[in-house]
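> Quick one: this structure, given as structure tokens, is what I'll be asking you about.
Since every read-out is calculated from the coordinates, none of them should be taken as a lab result. A quick note: this is a predicted structure, and the numbers were derived from the prediction, not measured. Here the Cβ is made from the backbone with ideal geometry for all residues, glycine too, and neighbour counts use every protein chain on show.
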Amino acid sequence: MSRTALVTGGTRGIGAAISIALKEAGYRVAANYAGNEEAAMRFSKETGIPVYRWSVADYDACVAGAREVEGVLGPIEILVNNAGITRDAMFHKMTPTQWREVMDTNLSGVFNMTHPLWSGMRERHFGRIIVISSINGQKGQIGQANYSASKAGEIGFVKALAQEGARRNITVNAICPGYIATEMVMSVPDAVRDKIVAQIPVGRLGEASEIARCVLFLASDEAGFITGSTLTANGGQYIA
């Protein structure tokens, strides 16, 4: 039976790779996006994956968006919380707005998107919730007090909610990617990228498809005994 999956931030970068991999594996997939409509429309045209626009920072928008997706594709049984933003600054220069925007999207966004789907998963006795956290939520990063805190918070969310969902056959897991060869990372100067790669024991950046394969496993029926876990995919850069 084909299950319905929703990927937030699912039209670009790691999210796009996850959406495509889930579709190729036979899932009915909806991809959420917030801002870049041109990129989202192009993604949908190229892949055939329907896209839906709302901000995960807005709880009511998440409720309405989930309802719209389920009206078209059926109950959402796999949720990939991938949407995230950065507002980097050294802490002494960081503004309350920069802190709040990152927390509202990255951490509150996980609550906002998961909460409306939780009761349905409990009633159906099945669910797969996968949160895309970050290596910087594990080890921290200079200039990213807001981002690192939000990503660490996601890991705490996963550990707590996994305990609540376990007896209802709902698994909740996190994936912590390291540096991935996305458009953002590839746009930095070569010298900066070379310094990043030098810190990665396997000697290269990760590929978005490698994170997508992690998602495929955690979304599967075969991963039903894995919950509350944090899967690191960082080429050995940080051993958790």
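> Sorted from fewest to most neighbouring beta carbons within 10 Å, what does the list F91, F225, F111 look like?
Sorted ascending by nearby Cβ count, the order is F225, F91, F111.
> Can you sort V192, V110 from fewest to most other Cβ atoms within 10 Å of each residue's own Cβ?
Lowest to highest Cβ neighbour count: V192, V110.
> Using only DSSP helix segments of four residues or longer, with each worth -39500 (n - 2.57), what per-residue ellipticity at 222 nm results for the chain after dividing by its residue count and rounding to 500? Intermediate values should be presented prior to the final figure.
Details: 10 runs with 113 residues, N = 240.
When only DSSP H runs of four or more count, the value is -14500 deg cm²/dmol.
> Another question about this same structure. With the radius of gyration and the Kirkwood radius both derived from the Cα set of region 125-240, what is their ratio Rg to Rh?
On the Cα set of region 125-240, Rg over Rh gives 1.02.
> Please report, largest first and rounded to whole Å, the three semi-axes of the ellipsoid equivalent to region 1-117, where each semi-axis is the square root of five times an eigenvalue of the C-alpha gyration tensor.
Taking √(5λ) for each eigenvalue gives 26, 16, 11 Å, largest first.
> Using Cα-Cα distances under 8 Å and only pairs 6 or more residues apart, what relative contact order does the chain have, in percent?
19
> I've got another one for you. Count charges around M184 for me, please; just the other residues with Cβ under 13 Å from its Cβ, Lys/Arg as +1, Asp/Glu as -1.
My count for the surroundings of M184 gives 0.
> In whole angstrom, how far apart do the alpha carbon centroids of region 193-240 and region 101-157 sit?
First find each Cα centre; the distance between them is then 17 Å.
> Right, here's the next one. With θ set to phi - 60°, apply the Karplus curve 6.51 cos²θ - 1.76 cosθ + 1.60 along region 122-137 and write out the HN-Hα couplings as whole Hz, x wherever there is a Gly or Pro.
4, 5, 7, 6, 6, x, 10, 10, 10, 10, 8, 8, 6, 3, 6, x
> Let me ask something else about it. So how many Lys-Lys pairs in the chain land under 25 Å Cα to Cα, not counting same-chain pairs under 8 apart?
So the count works out to 9.
> I would also like to ask the following. I need the shape label for region 162-221. Rule: rounded when a/c is under 1.5, else prolate if a/b > b/c, else oblate, with a, b, c from the alpha carbon gyration tensor.
prolate
> In what sequence do T8, T95 fall when counting other Cβ within 10 Å, fewest first?
T95, T8
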